[in-house]
Amino acid sequence: MQSRWFVAAMGRRVRSLAAAALAAVFLFLGVPAPPPAAAANGTADPPACHKVRLADVGWTAETATTAVFARILTELGYETQTTVLSVPVITTVALLLVAAGIALAYAMYLRQRVPVTAPAGSWLTKAARQDLYQDTVNEALLMRPGQYLTRSLVYVDNRGIDGAVNGLAALIGGTSGRLRRLQTGFVRSYALSMFAGAAIVVGAMLLVRL
């Protein structure tokens, strides 16, 4: 046989797993990987095992994973051949999986009487009923800290930033309102103010000369 599937080719030796991990390290570090043909005991894989066939379903995540895996195998010295599955094949497989799920659900639930009260179940069942506690984790790690942070920022904004601006405006307004009472419109008041000011100036000059 000219080519074999990757599982058959790599399953012959456990060392290939370690070689793939080392190849990934070599790939990201830019270090050239050792040739795969030489094993620890001096033997080599048959030529038929050097060609690896990969299947790509065409989805973004799987395509990226297949490309990275093919690059790792290429760095190890294997020849890779990636085959993209056609849309009818992917659709057929997806429909078969859906049909299998429907048949399994029918066999487990519709053919049996479902109890009114859910059984206690194991810890895994309880975790599955709580969505694997993802809501609890999200609430504890993200939602509650986010609420506390938002409330703290709102308090700082209201009491700090807006408080400083509003306090300065209130200070200026209050001072202006009190100083405005001195403007009575009577000449005698202005004359008295001028006399008081002149008296203060004269008194200060006398104090300086003493």
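The values are calculated or read from the model by the stated rules, or taken from the named source; none is laboratory data. Please read all numbers here as calculations on a predicted model, not as lab measurements. Every residue, glycine as well, gets a Cβ built from its backbone with ideal geometry; the counts of neighbours run over all protein chains shown. Just the protein is used for accessible areas: all its heavy atoms, side chains included, with ligands, DNA and RNA removed. Shrake-Rupley method; radii C 1.70, N 1.55, O 1.52, S 1.80 Å.
When a 1.4 Å probe is rolled over the protein heavy atoms, the share of accessible surface on region 95-163 that falls to carbon and sulfur comes to 65 percent. Surface exposure of region 46-117, expressed per residue as accessible area with a 1.4 Å probe, stands at 73 Å². Net charge of the neighbourhood of residue 63, taken over other residues with C-beta under 15 Å away and scored Lys/Arg +1, Asp/Glu -1, is -1. Its Cα centre serving as origin, region 86-187 has a Cβ charge dipole (Lys and Arg +1, Asp and Glu -1) of approximately 400 debye.
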